[in-house]
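Student: The structure that follows is given in the form of structure tokens.
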Amino acid sequence: MTTHLTHWGAFEADSDGERLTAVRPWRGDPEPMRLIENVASAQHHPTRVDQPYVRQGWLERGPGAAGRGTDPFVPVSWETMLDLLAGELGRVYREHGAEGVFGGSYGWASAGRFHHAQSQTHRFLNCLGGYVRHVNSYSLGVSQVLMPHVFGHLGFVIERATAKTVLARHTELVVAFGGLSPKNSAVSPGGVSRHNSRGWIGAARARGCRFVSISPLRDDIPAEAEAEWLAPRPGSDTALMLALAQVLDAEGLADKTFLDKYTVGYERFIGYVRGSTDGIVKSPEWAAALTGLPAERIRALAREMAAARTFVTVSWSLQRAQYGEQPLWLGVVLAAMLGQIGLPGGGFGHGYGSAASVGEPAREFSPPRLPQGVNGVDTFIPVARIADMLLNPGQSFEYNGQQLIYPDIRLVYWAGGNPFHHHQDLARLRAAFARPETVVVHDPFWSSTARHADFVLPATMTIERNDYGAGENDRVLFPMKAITRPHGSARDDYAIFGELAERLGVGKEFTEGRTADEWLRYLYEEWRQHQGGHDLPDFDTFWASEHIELPILDEDQILAADFRGDPDRFPLATPSGKIEIFSETIDSFGYADCPGHPTWLEPEEWLGAPAAAEFPLQLVANQPRAKLHSQLDVGAYSQSTKIAGREPVRLHPTDATARDLHDGDTVRIRSKRGSCLAGLTIDDAVRPGVAQLSTGAWYDPDPANPAFCRHGNPNVLTPDRPSSALSQGCTGQLSLVEIERYEGTAPALTVNQPPATIAAQHLP
Ligand code: PGD
């Protein structure tokens, strides 16, 4: 029996050396997740990449995009692959320099500190001179830019957020914009040891704490919360929050002492709320028309918030939308108006239902990590501008007060991510992927991105290699020993890069003469020696153990308490040192889509917009419950949730009846960008007017139409539209759609099989 870690939990497994013969949740996990069932069932699935492949067109004609995404692949030996790829990397670096290589390689990859695919990729490319990188993430693209302007460092509300145990003991009212989704709090980058999202919510509720979940989906909060469900129109939370602020102001419930001492710009903001700048009072009646919620309930909620120890939390999903800055900023403003920031159980939170790590007590120090070296290139893009970059080299764009230029990318290198999962408007992404001369992908699976590559290199899964891992803010460091041998001839990313580096003359720089196992020992021992005063076991003892516990900081410490105690001595990392309700900096950028204080800006796609006449349903494309992103979609648990093999879409009974749709129907979902098939589930846990289709189904484009996915990937429907010029974040969460029954025989899926291949000797 071996213990192992994934992004979605730890498990114990037996193996016969080839496959996992039994998998059980780790004994230490009080709330284990069924996602672990995907691992064993996916390992030897036909969609595993069994050996290296080169796209036929590339092999025959060399660099160039013609046929990318449709050509068959040619199996080649490792020697051929590494020689060809090293030659191509050498050519691109020689002819175009490191500025010609996009190596951002965004994605969640796998748990494990050493074999972390992005770290390996970045270290390798840095040895060659560097690469064009990305900044920010698809998870938090808006927050990462906005929060430094408003509340100081994002760590204030994420890495060092108030512990869930503190909330469980002190909070009287949790107002959760975007809910506290149990499926999202099941995962965390790098792993989760002890799931506890139901635990803290149940404990708070047992003490009498009330939960109000504000979301289009009733099940965005665990049953333990016994929550009141308020379902405003998706995209209208900003209006609701402004109305709550208006009531607090009009009824004298705003904490003026707090606002004066700890914030700047309140007067300008509240003037807007009172209607002095646009003549519109942001009253509950005004918000009722936009949100669809009764004005009286909005008014009463504001009073309840002022009367209790209230925690205002905003999910990450709310900022993954056009003008995503506004609800996030308003969450901070509401908490400031309540005057409880820095008090136990009060204040503002961000993402308590978005990742397991938020609200976990911070560790005293991070686990070991692989140094990535120095990138010789300064050029970067905000991560969600990938298609714009590939399509528009040389074009300028705005980002956080800067004017930047898209570089001219010749080679794209991706390991540990799946842009044909994570990006929006996939038909457009496909057109963008037809621009570079060469695309290289390492992945254990024939992911949609691998199918759009020229060089496909089979990577091992974590269960096939030695590593160790601990998730973000997680206090348990697990040895992660290989449980089986690799599938086919798959190799670790490190081994692949080591061989390439050798051929490119930078072998010594990349490997420093160490094997992967030697690196594990070296990084661990180096790390251990730097944590003087802590009694950490030596490597051999750690490796022989099941896990070790890392020391954590005081669970009861609330970071904002220092600021509350003495804002001059402990200023926030904002320009004023205070909470910026009006930001001079943001205002100075002059962005119409993100003014200097929170503002209601009507999204182009939402149920109140004119576009809703043609596409009358609001699609919520949220995170899936039976897999992490697109990972292991072919696994047993993920497959058990499909309907006739397709991703389920949920619709309220009234919307289904109005379209004469029935449970289990194969439906076609259409948006301005494209369409996809899905299997219908009728469910009154979904607000009327809303359709919910999670992300993660592997993109299965119709050969004649890349904008039509046969499997149910919502990103053929979603817009590739930035959140704003400020953050340029991803807006995949919301878009307008229509749904109809798919008449006739639905086309068969192909993405659950490997792509077409052709043996080298049969090439013309
Ligand atoms: P994953 O499916 O996790 O998606 O996007 P992300 O690209 O992270 O992709 C990881 C890939 O890495 C998989 O193909 C996996 O097989 C591969 N992999 C795993 N381990 C290894 C390894 O060791 N080596 C190599 N070489 N490969 C490995 C996630 C992104 O999607 C995120 S974070 C968010 S928050 C966004 N959310 C939304 C959303 O809410 N709505 C929409 N519409 N779209 C979104 N996209 C974003």
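Student: In nm, to one decimal, how far is the A307 label point from the E267 one, both placed 7 Å along Cα→Cβ?
Tutor: So the two model labels end up 3.3 nm from each other.
Student: State the extension gain, in nm to one decimal, for the chain segment bounded by D702 and Q557, taking 0.36 nm per residue of separation less the distance between their alpha-carbons.
Tutor: Full extension of this stretch gives 46.8 nm more.
Student: With a ≥ b ≥ c taken as the square roots of the eigenvalues of the C-alpha gyration tensor of segment 523-580, please select rounded if a/c is under 1.5 and otherwise prolate if a/b is larger than b/c or oblate if it is not?
Tutor: prolate
Student: Ok, one more. Report the far tail of the P(r) of the chain, meaning the percent of Cα-Cα pairs longer than 36 Å.
Tutor: 43 percent
Student: Ranked by accessible surface with a 1.4 Å probe, highest first, in what order do K164, K183 come?
Tutor: Output order, biggest surface exposure first: K183, K164.
Student: On to the next question. Mind pulling the per residue volume of the convex hull built on the Cα atoms of segment 1-114? Å³ is fine.
Tutor: Each residue corresponds to 169 Å³ of Cα convex hull volume.
Student: Related question: In whole angstrom, how far apart do the alpha carbon centroids of segment 540-615 and segment 445-461 sit?
Tutor: Measuring centre to centre over Cα atoms gives 35 Å.
Student: Under 17 Å from a point 7 Å along the Cα-to-Cβ line of E60: which residues of segment 74-91 have their amide N that close?
Tutor: Label zone hits: 74-76.
Student: Applying 1/(1 + (r/R0)^6) with R0 = 56 Å to the Cβ-Cβ distance of S366 and A300, what FRET efficiency is obtained, to the nearest 0.05?
Tutor: Efficiency, rounded to the nearest 0.05: 0.80.
Student: Moving to a separate point now. Once both labels are modelled 7 Å past Cα along the beta-carbon direction, what's the E228-T641 spacing in nm?
Tutor: With each label placed 7 Å out from Cα toward Cβ, I get 3.0 nm.
Student: Hey, another quick one. Could you tell me which of rounded, prolate or oblate describes segment 545-672, using a ≥ b ≥ c as the square roots of the eigenvalues of the alpha-carbon gyration tensor, with rounded for a/c under 1.5 and, failing that, prolate when a/b is larger than b/c and oblate otherwise?
Tutor: Note, shape of segment 545-672 comes out oblate.
Student: Determine the gain in length on full extension of the stretch R668-S396; use 0.36 nm per residue of separation and subtract their C-alpha separation, reporting nm with one decimal.
Tutor: 94.2 nm
Student: Between E549 and A746, what length in nm is gained on full extension when 0.36 nm per residue of separation is reduced by their alpha carbon distance?
Tutor: Fully extending the segment from E549 to A746 adds 65.8 nm.
Student: Roughly speaking, what % of Cα-Cα pairs in segment 213-297 are separated by over 16 Å, rounded to a whole number?
Tutor: It works out to 59 percent of all Cα pairs.
Student: How many nm separate the modelled label positions at S588 and E526, each set 7 Å beyond the Cα in the direction of the Cβ?
Tutor: For the pair S588/E526, the computed spacing is 4.0 nm.
Student: Treating cross-link reach as a plain straight distance, find the lysines whose alpha-carbon is under 27 Å from the alpha-carbon of K672, omitting any fewer than eight places away in the same chain.
Tutor: Qualifying lysines at Cα under 27 Å: K642.
Student: Students often forget the sequence filter, so: which lysines lie under 29 Å Cα-Cα from K508 once same-chain residues fewer than 8 apart are removed?
Tutor: K481
Student: In what sequence, highest mean first, do 272-284, 307-319 appear when ranked by Cβ atoms within 10 angstrom?
Tutor: Per-residue mean Cβ counts within 10 Å order the peptides as 307-319, 272-284.
Student: So how much accessible area does D538 have, in Å² to the nearest 10, using a 1.4 Å probe?
Tutor: Estimated to the nearest 10 Å², D538 gives 60 Å².
Student: Over what distance in Å are the Cα centres of segment 700-744 and segment 633-658 separated?
Tutor: What the calculation gives is 17 Å, centre to centre.
Student: Right, next: Hey, can you rank 36-47, 322-333, 543-554 by average C-beta count inside 10 Å, highest first?
Tutor: 322-333, 36-47, 543-554
Student: If you count, for each residue, the other Cβ atoms within 10 Å and average over each peptide, how do 335-343, 373-381, 452-460 line up from highest to lowest?
Tutor: Highest mean packing first, the order is 452-460, 335-343, 373-381.
Student: Next question. DSSP loop (so not H, G, I, E, B), at most 12 other Cβ within 10 Å: list which chymotrypsin sites (Phe, Trp or Tyr not before Pro) in segment 125-215 pass both filters.
Tutor: none
Student: Also: Straight-line reach only, C-alpha to C-alpha below 19 angstrom: list the lysines that K164 could link to, leaving out same-chain residues fewer than 8 apart.
Tutor: Hits, sequence-local ones excluded: K183.
Student: Pairwise over distinct Cα atoms, reciprocal of the mean inverse distance: report the Kirkwood radius of segment 161-361 in Å, one decimal place.
Tutor: This gives a value of 16.8 Å.
Student: Same structure again: Compute and list, largest first, the equivalent-ellipsoid semi-axes of segment 610-741 from the alpha carbon gyration tensor, each √(5λ) rounded to a whole angstrom.
Tutor: In descending order the semi-axes read 21, 19, 14 Å.
Student: Which Cα, out of V212, P234, G252, lies furthest along the positive dipole direction of segment 161-361 (beta carbon charges, K/R +1, D/E -1)?
Tutor: The residue sitting farthest along the positive end of the dipole is V212.
Student: When N is the residue count of segment 395-461, what does its C-alpha Rg come to as a fraction of 2.2 N^0.38 Å?
Tutor: The value comes to 1.27.
The values are calculated or read from the model by the stated rules, or taken from the named source; none is laboratory data. Remember, predicted model here, so these are calculated numbers, not experimental data. Here the Cβ is made from the backbone with ideal geometry for all residues, glycine too, and neighbour counts use every protein chain on show. Ligands, DNA and RNA are excluded from the accessible area calculation, which covers all protein heavy atoms including side chains. Shrake-Rupley method; radii C 1.70, N 1.55, O 1.52, S 1.80 Å.
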